[in-house]
Amino acid sequence: MSAAERPLPSPCVNICALDDDDICTGCQRTVAEITRWSRMDNEERRAVLALCHERAKASGLVWMLPARR
């Protein structure tokens, strides 16, 4: 039997301000995602984290280096 997986921590970085699309400028979560976080299982949290990463890339907050050839 494997040990229970620990809950993934919140991506909150204490920069809590919503942009014009109601996305937090700090963690890149929507209000609904922030509100539901404590009730999400890790699968849902991973999905939200992936969305946050995509939002950060789209807004220019994360730079992606091209893959090496």
(message) Using only the Cα atoms of region 12-61, what are the Rg and Dmax in Å?
(response) 10.4, 30
(request) Answer with one residue from 23, 13, 61: the one whose Cα lies farthest towards the positive end of the charge dipole of region 12-61, charges on Cβ with Lys, Arg +1 and Asp, Glu -1. (result) 13
(request) Pull up all non-local amide H partners of residue 62: gap of 5 or more, or a different chain, and H-to-H distance under 5 Å with H placed in the peptide plane. (result) 57
(request) Could you go through region 34-47 in sequence order and give the Karplus-derived ³J(HN,Hα) for each residue, using 6.51 cos²θ - 1.76 cosθ + 1.60 with θ = phi - 60°, rounded to whole Hz, and x for Gly and Pro? (result) 5, 5, 7, 3, 5, 9, 7, 7, 5, 4, 5, 5, 4, 5
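Values in this text are rule-based calculations from the coordinates and carry no lab data. This one's a predicted model, so the numbers in the text were calculated from it and none came from an experiment. Cβ atoms come from the backbone with ideal geometry, glycine included; neighbour counts cover every protein chain shown.
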